[in-house]
Structure formats: C-alpha cells, structure tokens
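**Student:** Before I ask anything, let me first share the structure, which is written out below as structure tokens.
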Amino acid sequence: MRIIFFIPLFILITPNIFSQNEIALARYVIVRATEDCEDISDILLEERAYIAFYAVDSEKNLFMGNHWSKAKSESYGPIEITRIDNLHNESKSDTIQVVFFDWHYKNSYDDQQGTAKAKIVLYDEIFSLRIITEDLKVLVYDGYKEGEVDFSEFY
C-alpha cells in the first residue's frame, strides 16, 4: 500500500522539480532590418520576426530570443549586461536608455552557438537593436515594443 502512495506522489512532484518555466517580459516587433547594411526587412516581416526578452523561474538571468514565427526557428540564450547608459534630454524631459550586453546564443535550426556583442537603444515605444556576431556579421533590427523590460534588474 505504501508503494502505491509514493508512486503518484513522485509523478506529481517530479515534473515540477525538472521544469523551467519561461516568464515572458516583453516582445519587440521588428519592422525594419539589415544584415551587413543589406535591407532584409521584407524577409523578417514575412517571417513575423520579433525579439523576446524573458526570464526563467529557476534562474536570475535575462534571456533573449530572436524568433522567426513562420519558420518556427529561433536563436536564444542568456544575456550578460555590461553597461547601461541613461541619456536625458532636458528640453523634452525624455530619457533614452542604451543597454550593452553579451548574448550567449544557440540556434534552434543548426548547431551554431556563440557569443555576440549587442546594443539596444530604447526610446518611448521604439527600439533599435544592433548585434555583432563572432564572425563580424552586423544585424540591425528596428521596431516597436510590446511590453517593458527593466534591464537594471538584471545588471
């Protein structure tokens, strides 16, 4: 009788021990994009591409994903913030936030993984993200924000 009691208890507890729940923080929709100065906006718009920032309940890191909805592929991984600059415009009482970080990414569509340097500029509801990969490919994504990330919480 005791064995029967422990088996259902183990089944109920085990998934909670090993699962990692992603907590979506913000989605940044890409409306303009370039790769090495070549306009690739049409491709990303067709793919319904976006940048997602999320946390994982078992970790204190911030993660970023470059999602291509139509292709069901992504590059994802934790980011390590190296610097945050808050630029104030006294005449308009606006603030532009610039966040520099290393992105430790892995691709879902091939075996490539690595670390890219990145900078995101945030102003009101818009963003501009520049990513420089290890092979010096430069990606620039511009668009609008759905949700907000307090990057200072992860600095």
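Coordinate-derived values only; no laboratory data. Quantities reported herein were computed from a predicted structural model and do not represent experimental measurements. Please note: Cβ atoms are built from the backbone with ideal geometry, for glycine as well, and neighbour counts cover all protein chains shown.
**Student:** Counting only other residues whose beta carbon sits under 13 Å from that of Asp94, what net charge do I get with K and R as +1, D and E as -1? Show your work: numbers first, answer last.
**Tutor:** Numbers: positive: Lys92; negative: Glu90, Asp124, Glu125.
Surrounding charge for Asp94 is -2.
**Student:** Starting at the first residue of the range 21-38, write each ³J(HN,Hα) from the Karplus equation 6.51 cos²θ - 1.76 cosθ + 1.60 with θ = phi - 60°, in whole Hz, x for Gly and Pro.
**Tutor:** So the Karplus estimates, Gly and Pro as x, are 8, 7, 10, 5, 9, 7, 10, 10, 7, 8, 10, 9, 8, 9, 10, 6, 6, 8 Hz.
**Student:** Separate question: First select every other residue whose beta carbon is under 10 angstrom from the beta carbon of Tyr155; then total the charges, Lys and Arg +1, Asp and Glu -1. Before the final figure, lay out the partial values.
**Tutor:** On the way: positive: Arg83; negative: Glu80, Asp150, Glu153.
Surrounding charge for Tyr155 is -2.
**Student:** Rg/Rh for the range 21-154: what does it come to with C-alpha atoms and Rh from Kirkwood? Could the numbers behind the result be given before it?
**Tutor:** Working: Rg = 14.6 Å, Rh = 15.3 Å.
Rounded to two decimals, Rg over Rh is 0.95.
**Student:** Separation of the range 133-155 and the range 19-47 by C-alpha centroid, Å?
**Tutor:** 10 Å
**Student:** Return the percentage of antiparallel bridges among DSSP beta bridges fully within the range 21-154, rounded to the nearest 5 %.
**Tutor:** Details: 68 of 68 bridges.
Approximately 100 percent, going by the DSSP bridge assignments.
**Student:** Can you compute the helix-only [θ] at 222 nm over the chain? Use -39500 (n - 2.57) per DSSP H run of at least 4 residues, normalise by all residues, nearest 500 deg cm²/dmol. Working shown, then result.
**Tutor:** Values: 2 runs with 23 residues, N = 155.
Only helices count here, giving -4500 deg cm²/dmol.
**Student:** Set the bar at 20 Å for Cα to Cα. Now go through Lys70/Lys119; Lys72/Lys106; Lys106/Lys137; Lys60/Lys137 and name every pair that lies beyond it.
**Tutor:** Working: Lys70/Lys119 26 Å; Lys72/Lys106 15 Å; Lys106/Lys137 16 Å; Lys60/Lys137 29 Å.
Beyond 20 Å: Lys70/Lys119; Lys60/Lys137.
**Student:** Spelling out what I want: for every residue of the range 104-109, take phi, set θ = phi - 60°, compute 6.51 cos²θ - 1.76 cosθ + 1.60 (Karplus), and round to whole Hz; glycine and proline get x.
**Tutor:** Residue by residue, the range 104-109 yields 8, 9, 9, 8, 7, 9 Hz.
**Student:** Report, to the nearest 10°, how far helix 2-18 tilts away from the longest principal axis of the Cα atoms in the chain, using its own Cα long axis and a range of 0 to 90°.
**Tutor:** So the inclination is approximately 10 degrees.
**Student:** Between beta-carbons, use under 11 Å as the cut-off and find the net charge around Glu125, counting Lys and Arg +1, Asp and Glu -1.
**Tutor:** Combined, the nearby Lys, Arg, Asp and Glu give -2.
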